[in-house]
1. Are any of the residues in the range 337-354 under 22 Å from I279 (Cα atoms), surrounded by fewer than 17 Cβ atoms within 10 Å (Cβ to Cβ) and more than 24 Å from the chain's Cα centre (by Cα)?
2. Please tell me if V295 is modelled with pLDDT of 95 or more, within 16 Å of ligand 2 (Cβ to nearest atom) and surrounded by 21 or more Cβ atoms within 10 Å (Cβ to Cβ).
3. May I ask you to say which residue of H106, H153 is part of a helix (DSSP H, G or I), open to solvent by 30 Å² or more (accessible area, probe 1.4 Å), of a type outside the set (G, A, S) and in contact with a helix residue (DSSP H, G or I) (Cβ under 7 Å, 6 or more places away or on another chain)?
4. Given the options L97, L79, L58, name the one that is open to solvent by less than 20 Å² (accessible area, probe 1.4 Å), touching a Ser or Thr at 6+ places or on another chain (Cβ under 7 Å), more than 28 Å from L476 (Cβ to Cβ) and hydrophobic (A, V, I, L, M, F, W, C).
5. Quickly run through the range 493-507 and pick out the residues that are away from ligand 1 (no atom under 16 Å from the Cβ), at pLDDT 95 or above and either crowded, with 21+ Cβ neighbours inside 10 Å or hydroxyl-bearing (S, T, Y) (or both).
6. Does V89 count as aliphatic (A, V, I, L, M), open to solvent by 30 Å² or more (accessible area, probe 1.4 Å) and either modelled with pLDDT under 95 or closer than 30 Å to D332 by Cα (or both)?
7. If you take the residues of the range 216-246 that are in a loop (DSSP other than H, G, I, E, B) and among the hydrophobic types (A, V, I, L, M, F, W, C), which of them is nearest to ligand 1 (Cβ to nearest atom)?
8. Answer yes or no: is there a residue in the range 481-492 that is at pLDDT 95 or above, in a strand (DSSP E or B) and within 18 Å of D261 (Cα to Cα).
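The values are calculated or read from the model by the stated rules, or taken from the named source; none is laboratory data. Quantities reported herein were computed from a predicted structural model and do not represent experimental measurements. Using ideal geometry, Cβ is built from the backbone for each residue, glycine included, and neighbour counts are taken over all protein chains shown. Areas reflect the complete protein model, heavy atoms only, side chains present, ligands, DNA and RNA absent. Shrake-Rupley method; radii C 1.70, N 1.55, O 1.52, S 1.80 Å.
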Amino acid sequence: MADFGHRTGYDRNYARWRADPLAFWQDAAREVDWFEPPATTFDPAQGIYGRWFPDGTLNTCHNAVDRHVEAGHGDRLALIHDSPVTSRVRRFTYGELRREVSAMAHVMSDLGVRMGDRVIIYMPMIPEAVFAMLACARIGAIHSVVFGGFASHELAVRIDDATPKLVVSASCGIEPGRIVEYKPLLDEAVALAHHKPDRCLILQRPERTCALGPRDVDMAAAIEGARDRDVMPCAPVPATHPAYILYTSGTTGQPKGVVRDTGGHVVALNWSMRAVYGIEPGEVFWAASDIGWVVGHSYIVYGPLFAGCATVLYEGKPVGTPDAGAFWRVIDSHDVKVLFAAPTALRAIIRDDPDGLYLQRHDLSRFRFLFLAGERSDPHSVAWAEDKLKVPVIDHWWQTETGWAITANPAGLGLLPVKHGSPGVPMPGYAIDILSDEGEILPAGTLGNVAIRMPLPPSCLPTLWNAEARMRSAYLERFPGYYNTADAGILDEDGYVYIMARTDDVINVAGHRLSTGALEEVIASHPAVAECAVVGVEDPLKGQVPWGFVVRKATAGLSDAIEGEIVALVRERIGPVAALKTVLVVDRLPKTRSGKILRGTMQKIADGTEWKMPAAIEDPAALEAVTDTIAAHRARVTRSNGKEQA
Ligand code: COA
Ligand code: AMP
């Protein structure tokens, strides 16, 4: 690896980590509370690639809640639920948070949840979802939060993989303009799943209540009686005990259950709050994401609370709830110092308020940093935000698998110059090389596979739930000695990383990670579909959107409804979040002579970027026909947009 010289506190810290990684993480581990401090910082002989802090014991909930109360900060603000979709704002101090979490833990324990049991949380962005996550941690149970935009089938797949004793849910979620009834989705998922949870703990929301069945328990009634009980103690768990499982898209319809270690998670996230985000205890941090995603786990719930900050749980959208000034209102009214958002949210705001007029209605003078992640930040949006907000706008790159930033521009270690288009430099813990497909290290400025030298730092996945072999094959076997990020990118002369594209079939739709393979599995199940391919096509708002190309079965007849049926099928099986709106029927799919569908070329044609006829193509006419179909579709869209505007 190149030596990029010493520039700032960042270089000193990175060099300190490089010189002695164990001492670096030992120091970070001293900043959190242990029941039994670890004598060993890292044991390379344990687990798949070694384990962090293997002989320490601690508790996640103690570090997020109780330690602040015990340190005399019980009156400090911990959680702000800001919900424009219900016109409610609720605030909880650390003392109140402990009471609510302890009550929820009593309820779970009464329902038979014990250390190591799994609990699925399928909830909208409400405080009870956070209480449930922390209550699991208090008991030593392992939560798995499932994003509310997923449909029953996806929930059922997760129920079967995690085999939860309990599911925690709510009667409904609220999307702009419609109420999403969670209970029928949950009931259907339980019916579809082979594994049945013992109980479902349901919060009735006033906007839409639901009928409860024999398996269901009314949350409000159960919690009411538990609030006056003694505070439930936090159970000491080994540092290697799983804190949670979070499912993410892989290459097939079977999602990957990313496991998070308890010890590494607390240590790395606690370290990151000050070093990466430059925030201090008592200040307000806001990650405008959803608890169903990794950003929500790490930076709505755990990171800010480990660090003694107040965190904002926002139940709304960047635009439309009620307008493009929503983010600036939240920052102003709760004195948010650092906002973490997805570039797609910024693009939605710019689209609705290009001159930043809503900004002028709010006092943002105390706001310090805007962080962006989840997808590539387009330089135009970054420049807009810098100009309008007058604060550093910092792109940073990470994955569900790592749980925290692989690269960033660390606000707390002394900012480096911002380079538009780059999510910064490697954080301590990560040594990055750009590799050729043959595994050779490529020189600066060359596009290749972005790989992280093993071992991974604390908080990164030790394994996949129930799928050790898949952990090895998905991440560790392609480039021995490295973790394969499945991102393609460049490292420049100054050590800045540029992330350009995925090397697998994952696409990024409005900051949500989706598998085209999973979408194809659903489309292929339509009885009239002989073959299909899904590609991610550039979209000005969402970054990418999926397009489906389908070949009908010869026997299928000529129903006009197939496109609409496929859109509905994907929505029903995966959920609205899949955002599949475009289905194009073609006579055949273009393939190589060895039978591989030319998805990359189809994507380039759909994006309108330069493409070459692949040398190995079997039937050039098939590709020409796809090109014509895409052109006809584009022309139709342009005509209908024109009509709308007229
Ligand atoms: N529960 C139920 N449905 C949900 C949902 C949830 N929690 N979240 C999204 N959906 C639905 C939406 O209502 C929408 O349904 P529709 O097709 O009926 O309109 C669909 O899923 C797609 O949602 P989304 O991708 O969010 O698109 P949108 O057009 O509603 O909004 C943005 C566009 C840019 C405003 C929105 O995507 C956004 O705020 N993105 C931020 C992404 C983010 O935070 N990512 C986390 C990584 S940091
Ligand atoms: P997720 O696991 O949902 O967080 O998605 C991780 C993937 O999103 C990464 O592998 C990248 O492909 C993409 N991604 C996340 N952050 C960035 C970023 N700052 N720049 C470019 N791509 C990003």
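1. Within the range 337-354 (the criterion being under 22 Å from I279 (Cα atoms), surrounded by fewer than 17 Cβ atoms within 10 Å (Cβ to Cβ) and more than 24 Å from the chain's Cα centre (by Cα)), the answer is no, since none of the residues qualifies.
2. On the way: modelled with pLDDT of 95 or more: yes; within 16 Å of ligand 2 (Cβ to nearest atom): yes; surrounded by 21 or more Cβ atoms within 10 Å (Cβ to Cβ): yes.
For V295, the condition - modelled with pLDDT of 95 or more, within 16 Å of ligand 2 (Cβ to nearest atom) and surrounded by 21 or more Cβ atoms within 10 Å (Cβ to Cβ) - is met.
3. Details: H106 fails: open to solvent by 30 Å² or more (accessible area, probe 1.4 Å).
Exactly one of H106, H153 is part of a helix (DSSP H, G or I), open to solvent by 30 Å² or more (accessible area, probe 1.4 Å), of a type outside the set (G, A, S) and in contact with a helix residue (DSSP H, G or I) (Cβ under 7 Å, 6 or more places away or on another chain), namely H153.
4. Working: L97 fails: touching a Ser or Thr at 6+ places or on another chain (Cβ under 7 Å); L58 fails: more than 28 Å from L476 (Cβ to Cβ).
Of L97, L79, L58, the one residue that is open to solvent by less than 20 Å² (accessible area, probe 1.4 Å), touching a Ser or Thr at 6+ places or on another chain (Cβ under 7 Å), more than 28 Å from L476 (Cβ to Cβ) and hydrophobic (A, V, I, L, M, F, W, C) is L79.
5. G495, Y496, V497, Y498
6. Working: aliphatic (A, V, I, L, M): yes; open to solvent by 30 Å² or more (accessible area, probe 1.4 Å): yes; either modelled with pLDDT under 95 or closer than 30 Å to D332 by Cα (or both): yes.
So V89 passes the test.
7. Of the range 216-246, the ones in a loop (DSSP other than H, G, I, E, B) are 227-236, 239-241.
Still in the list and also among the hydrophobic types (A, V, I, L, M, F, W, C): 231-232, 234-235, 239.
Numbers: V231: 32, M232: 30, C234: 29, A235: 31, A239: 27 Å.
If we take residues in the range 216-246 being in a loop (DSSP other than H, G, I, E, B) and among the hydrophobic types (A, V, I, L, M, F, W, C), then A239 is nearest to ligand 1 (Cβ to nearest atom).
8. The first filter runs over the range 481-492 and keeps only residues at pLDDT 95 or above, leaving 481-492.
From what is left, the residues that are in a strand (DSSP E or B) are 482-491.
Narrowing the set further to residues that are within 18 Å of D261 (Cα to Cα) leaves 483.
Yes, there is a match, as at least one residue in the range 481-492 is at pLDDT 95 or above, in a strand (DSSP E or B) and within 18 Å of D261 (Cα to Cα).
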